[in-house]
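What follows is a single structure, written as structure tokens, with notes after it.
The values are calculated or read from the model by the stated rules, or taken from the named source; none is laboratory data. Keep in mind that what you see is a predicted model, and the values were worked out from it rather than measured. All Cβ positions, even for glycine, are placed from backbone atoms using ideal geometry, and neighbour counts span all protein chains on display. The area values use the complete protein model at the heavy-atom level, side chains included, leaving out ligands, DNA and RNA. Shrake-Rupley method; radii C 1.70, N 1.55, O 1.52, S 1.80 Å.
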Amino acid sequence: MGCGANEERGKLVYESYCGTCHLAAKPGDLPKALWANSVLPDMASRLGLSINGYDPYAGIPWQEKAMMASINPYPSTPLISEEDYTLIHTYILAHAPEELRIDDRSGRTLSLDQFSSEIITIDQRTGGHTTFLGYDESSSSFTIGNIAGYLLSLNASRLDTLGKTYSPITAWSGIGTSGVLADVGVMAPSEMREGKISQVSADLVTNIKVDLHRPVYVLEQDLNNDGVQEILICEYGYYSGQLTLLEQTREDKYDARSLLNVPGTTRVIAQDMNHDGLTDLVVVVGQGNEGVYILYQTEGLHFTPEQVLKQNPLAGTSWMELVDYDHDGDMDLVLAQGDNADLSYTLKPYHGVRIFLNDGADQFTEAFFYPIFGATRVLARDFDEDGDIDLAVNAYFPDFDALPEESFVYLENVDAALFQFQARTFPDATRGRWITSEAGDYDGDGDLDIMLGSFTHTPTPVPPAIMENWNTVGTDMILLRNHLR
């Protein structure tokens, strides 16, 4: 068999094994060294092969291994022949570049004139420890969760404690002092089910008896209009994960069931997508089979899932906004894509923010892409009140060496029809590592301000000077005060 035939067969075998459960990444999506030393050995282990002594369980505590055993991500019996794996290995390395080509991004940002930045200090500890931000319109307050498990409420005049729980808070769905919160249990990638969900009312925190797998988002919603709130939980997980529905059967009793059994569920939005009068669920997934699912409600809290957007597993999808960008009556998607740790850390030129337009039948087409390394969260709002959607993007994995200020980018919409945006940022963007953000009227003047939350427990390299600044100054949050009014 000639070289060309071998290469073609390698491509077919690769797409067959790695494109069945999710889109197969292109060889050109990662540098050759990352493929050879990290991604391909792990891929082989997932197919039941051991390559060059690679041990996927190295350094994992026995409790974690016990949890992984039930999922069996690394089977002991090969699922592929060594010959076929060699074809895959050869094909990928033959087409992978030595390094990824990065476009010139210098000098593309203007000053963030519409906003002024103000440092917000929550405590006296150095570094940033914010793990959640929300906004409560009823009290014009930002809700804050931190690594110590404190749930706080902040407005222009006071800071209050709403509750204290077990581990870092990652989600809150509530009004005033009452609601539901989630604490993640284990922040690092893990199969341990140590996350919790609790009801908060007047400083009383009551745990709901269900063990969760790294919950990162929670939504209270009456999905069937019976006057009783259901609870939706995105269990991000790791090798496994799911979207969980808690249905209240008695005042203090919930039945739990999985609505979508995939890892990486990051956010769920309740929206009637097919205009049949029933509330559907739009779910973004950022692990494995990345993309967006719509769970169409039929009746009695039963849902039919459909993946309406499938993304490259290296896309790093981290957040989703649902907006009618083009004012045609259906909901479009805005995604922040830039999760960049685990096995493939490198600057990825395809990370950034994307807009996908809905054709009216929930078929989505990419209409806009703006590259931002490590994009983590996007807020799609009309911040300047000119009738179109602007985008505020924070990046947890920016290029800290060359473009540290792009840890926050404000994309001002200057021509919605042509998707023309002007990028802006501000000098204090380097004062924290922005893991989360939220918009709300902080000062009660009628326009939308932006709050950024810093979490400096870094999983990837950061220049020593920046890290020293974080540890010395200790910025918890930054308020971007809107001066539109």
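Structure notes:
- Mean Cα-pair separation over length for the chain, i.e. relative contact order, pairs under 8 Å, 6 or more apart, %: 13 percent
- Taking a ≥ b ≥ c as the square roots of the eigenvalues of the Cα gyration tensor, segment 169-264 is classed as oblate, since a/c reaches at least 1.5 and a/b does not exceed b/c.
- Annotation: peptides 9-18, 290-299, 229-238, ranked by per-residue average of other Cβ atoms within 10 Å with the highest first, follow the order 229-238, 290-299, 9-18.
- Helical runs assigned H by DSSP (4 residues or longer) give the chain a calculated mean residue ellipticity at 222 nm of -3500 deg cm²/dmol, each run adding -39500 (n - 2.57) before division by the residue total.
- FRET efficiency for the pair Ser138 and Tyr350, taken as 1/(1 + (r/R0)^6) with r the Cβ-Cβ distance and R0 = 45 Å, rounds to 0.65.
- Asp401-Ser50 pseudo-label distance in nm [points 7 Å out on the Cα-to-Cβ vector]: 3.6 nm
- Shape analysis of segment 297-434 places it in the oblate category; the axes a ≥ b ≥ c from the Cα gyration tensor give an a/c of at least 1.5, with a/b not above b/c.
- Net charge dipole size for the chain [Lys, Arg +1 and Asp, Glu -1 on Cβ; Debye, nearest 20]: 1860 debye
- Relative to the current alpha-carbon distance between Asp326 and Arg250, full extension at 0.36 nm per residue lengthens the span by 23.0 nm.
- For segment 379-485, the ratio of Cα radius of gyration to the globular rule of thumb 2.2 N^0.38 Å stands at 1.13.
- Neighbour net charge for Asp276 - beta-carbon separation under 13 angstrom, K R +1, D E -1: -4
- Across the accessible surface of segment 1-142, with the other protein chains kept in place and a 1.4 Å probe, carbon and sulfur atoms take up 52 percent.
- Between helix 3-18 and the chain there is an angle of about 40 degrees, using the helix long axis and the longest principal axis of the Cα atoms.
- Set of segment 234-251 residues, backbone N closer than 17 Å to the point 7 Å along the Cα-Cβ line of Thr206: 246-251
- The chain, accessible area per residue, ligands and nucleic acids excluded (1.4 Å, Å²): 42 Å²
- Atom-type composition of the exposed protein surface of segment 183-261 places 43 percent of the accessible area on carbon and sulfur (1.4 angstrom probe).
- Anisotropy class of segment 258-358 from Cα gyration tensor, a/c 1.5 cut: oblate
- Note on the chain: dipole from Cβ charges, positive end direction compared against Ala66, His213, Phe369; the farthest Cα belongs to Ala66.
- Restraint check, Lys32/Lys310; Lys65/Lys209; Lys11/Lys32; Lys209/Lys253; Lys164/Lys209; Lys196/Lys253, Cα-Cα greater than 19 Å: Lys32/Lys310; Lys65/Lys209
- Projecting the Cα atoms of Val323, Ser157, Phe455 onto the dipole axis of the chain, where Lys and Arg carry +1 and Asp and Glu carry -1 at the beta carbon, places Phe455 farthest toward the positive end.
- Rel. contact order, % - alpha carbon contacts under 8 angstrom, at least six apart, segment 329-485: 16 percent
- Whole-percent carbon and sulfur share, accessible surface of segment 343-476, 1.4 Å: 52 percent
- Approximating the spin labels as points 7 Å out from Cα along Cα→Cβ, the Glu83-to-Thr458 distance works out to 4.9 nm.
- Segment 1-135 - percent relative contact order, Cα under 8 Å, separation 6 or more: 35 percent
- Residue order for Met273, Met187 - accessible surface, 1.4 angstrom probe, largest first: Met187, Met273
- Ala156-Ala417 pseudo-label distance in nm [points 7 Å out on the Cα-to-Cβ vector]: 3.8 nm
- With Cα atoms, 0 to 90° folded angle of helix 464-473 axis to the chain main axis: 20 degrees
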